[in-house]
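This report concerns only the one structure given below.
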Amino acid sequence: MAYSLRTEDISSHHINLINRMHTGLFAVSHLSYANQMEYYNTRIVLCQRPTTMASTNRELLTMLGGAEVSLRAYCPWRGTPSSLLYASPGDNLNIPDNRIPVKRSMVLRLLDNKGHEDHLEVGDRLLLIVVCRFVLVVKPLAGMKKGLNLGIHRLMYLNSRQGAGRGREYITQFPVVGGFAVMDDLDYSELTADQAY
């Protein structure tokens, strides 16, 4: 059975509904990868506003068991491999945060498919398996590479901070964001929700 929740504000009522949808989230990391993928493929929160999406993702991340680590953006002039790709040109909505909190076994949403154009789409949801300095090992929840281990590499982004010094025009960051909750305008037609709140 698939569950989806459409919400505009994250009120205590919505938090209660989200908690009921994700009753076993704290133990997902103890499931097999196939069962983790099934769990996330049957649960999604659709949001009307980016702020609601961000707060819902934070709330659900705290419910997931395991240690939280931060994917931090950094300036590439410090020991960066020359193989880094530049992010695809586009709108500012697909630029990741400078600090992305993650836990193993969480679901992520892909912001840029650079290097994976043939088999991943922007907006695809991914199961996080391993975090390394320059690569995230993930399993796509849908598509032609569903369930296979893929490496998502850091991309180079134009540094948007005011007063960025010389040699710091670019930062590197992983092109991902939390994927428990997504914007309602994205296509997640592979999910057929039996219950919508």
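Overview of values
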item	result
FRET efficiency, 1/(1 + (r/R0)^6) with R0 30 Å, evaluated for GLU117 and GLU68 via beta carbons	0.45
Calculated FRET efficiency for the pair SER32/ASP97, C-beta based, R₀ 25 Å, to 0.05	0.25
Surrounding net charge for LEU85, when Lys and Arg each add one and Asp and Glu each subtract one, Cβ distance under 10 Å	+1
Residues LEU127, LEU31, sorted so that the one with the fewest Cβ neighbours within 10 Å comes first	LEU31, LEU127
Phi-based couplings in Hz for region 24-30 (Karplus 6.51, -1.76, 1.60; Gly and Pro marked x)	x, 4, 4, 9, 4, 5, 8
Order of MET183, MET53, MET144 under a 10 Å beta carbon neighbour criterion, fewest first	MET144, MET183, MET53
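Where a number appears in this text, it was derived from the coordinates with a stated rule and is not lab data. Since we're looking at a predicted model, the values are computed, not measured. With ideal geometry, Cβ positions are generated from the backbone for all residues, glycine too; neighbour counts draw on all protein chains shown.
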